[in-house]
Structures are given as structure tokens and as C-alpha cells.
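To start, the structure itself, in C-alpha cells.
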Amino acid sequence: MTVVEEYWSGVLRRLQAEVQVFNRLIHHSGEKGRANELSLAQIISRLVPRRYAVGSGILIDSHDNYSSQTDIVIFNQADDPAVLAQSTQVLFPVENVHLCIEVKTSVGKGEIEDARAKQKTVQDLRPIGTERPAYALVGFESESSVDTIAQHLRASPNLDIACILNEGIIAGPAQLLHAPDHEGKSDTNFTVGMACPPTEVAEAILQTADSADPRTPINVVEHGGANYSIVRRGRNRVVADPARALLLFCDALLRILSNSDSRSPAFSYYIDAEARKITALP
């Protein structure tokens, strides 16, 4: 692993550990989901440039339209009017918002459709002089097979970017996921794939799983200081790399935020071609 990959492997392990602790301690599904949102929001708030801030609330436009409650809102804090942030219920003028993120503990067809419905409430807003914010979905695990989830993610209309961590699933326009090699190209095809480790690493992980007690199947294997997931595709087992999926999602997030800037984020150039390889889900 490169230094960046190894660092983000540690970030993912801390995120997973925090989520697992919260999920054991909190039995109310709503509070559990909110705790997971806060864990992810902390990572994102440390990632984005200082001119941006991370919050949660409702987007509005000047025509009295409003969106659904949004789990994570990335907005330009330099331009956000303080008059709309005087209570715990925050209203965000749509012109100042760059990205909305829906967070799900477990993702299936219903959760993807719910995210799209909330995305539409954002797309229906009428910003003045700016584009509508991008919309993303982050799930911690899938409740369906990876191929089934891929089908649901490909269904129109598409989310701008999606990531399901445990299964290493990453989805979005090819030019976002394969940057910077695709800079200046018009490849906007929506891609759904799995972030996977190199073949030799995957084989070693499967050997470790095979040597375990068959009465206690292993779904997560630690190898070389990183956690990998073993997921099924039909009768086959595939090793997913959740840390790479999170890394590519965060890179895509930064590139979406940089659309209004004159240059791409430097972070993109620290992710090599090997780390950007994803296995397409047909």
C-alpha cells in the first residue's frame, strides 16, 4: 500500500470501530443511524478545505421551496447567512450548498429509492445563479448481494456518487472515479464497481478465511494492518477493500467541491492507478 492508502486504511478502521461500538450500545434505530452520520461527518469535516463546513438540516430557495431533511450538508461557510443558523434547526440557502449526503446504516433497494426521492427534493429547488448541489449516498453495509445492489444503483435517475463501505462498492461518473487520468475527457458514463485488493493479497486473505473454524465463518480479515471484507458473488467469494472505496469516495467528493475552482485538488494525485482499479459489477 502507498502511504495514502495505509493512512486511509487506519481512518476506515477507526470509523468501523466507532460505528460498531455505537451500534452495540444504541438499540433505537433512529439514534443509531444518527450516531453513524456523526461519525462520517467528523471524517468529512476534517477532509474538506477550510472555506467549507459540514452541517445537517434543510435546504431552501428564495421561492419558499425546501428539501427533505439532509443528513450531511457541505456548504460554503464564508457565504452562509448567519440569520438562518440561530437554532438547532438549520436552514441552508441552496446557492451556498455544494454537496448533500444521505447516510444509511444498511442499504437495500428501499434505501436507494429513499435517497433518490430526497435527491429529487433538492433537484426541485430553484437556485439563483448557481447549479444545484450534488447528491451522494453512503452506506455502511449492504442488505443485498453486490450484483443486486449494483443493479439498483444503476437504475435511473442516478445518484451523483455512492459508496457502500463493507462491500467496497463505489459508483459514480467514470471521470470522477478514474481522475486525474480522465481530466479533460467526456467519459461521464455511470460506473458501478468494487474496490478490491491485488490478486495476491486477495488469495492470501481467502486462505486465512479457509483455515478458520468452519463453525464460525469469517467475513472480515485483517491483513497487513488493513481490514478486508469477504463477500459473495453467486457461488464465489470475493475480497473487497473498504478502505479503497472510502478513499475513492472522498477523492470524488473533493473533486465535486473543486468544480468552481481553477485547479483539481492535490489529493487526487496521491492516489495511484493501482488504487483506482475497481472491478466492474455487470
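Couple of notes before you dig in:
- Efficiency of FRET from Cβ geometry, residue 232 and residue 274, R₀ 30 Å, rounded to 0.05: 0.75
- Residue 279 accessible area, assembled protein chains, probe 1.4 Å, Å²: 60
- Averaged over residues, the count of other Cβ atoms within 10 Å places the peptides 98-111, 61-74, 152-165 in the sequence 98-111, 152-165, 61-74, highest first.
- Region 220-259, Cα convex hull volume normalised per residue, Å³: 69
- The slack in the chain from residue 155 to residue 267, taken as 0.36 nm per residue of separation less the alpha-carbon distance, amounts to 37.3 nm.
The values are calculated or read from the model by the stated rules, or taken from the named source; none is laboratory data. Remember, predicted model here, so these are calculated numbers, not experimental data. Every residue, glycine among them, receives a Cβ derived from its backbone with ideal geometry; neighbour counts consider all protein chains shown. SASA here: full protein model, heavy atoms, side chains in, ligands and nucleic acids out. Shrake-Rupley method; radii C 1.70, N 1.55, O 1.52, S 1.80 Å.
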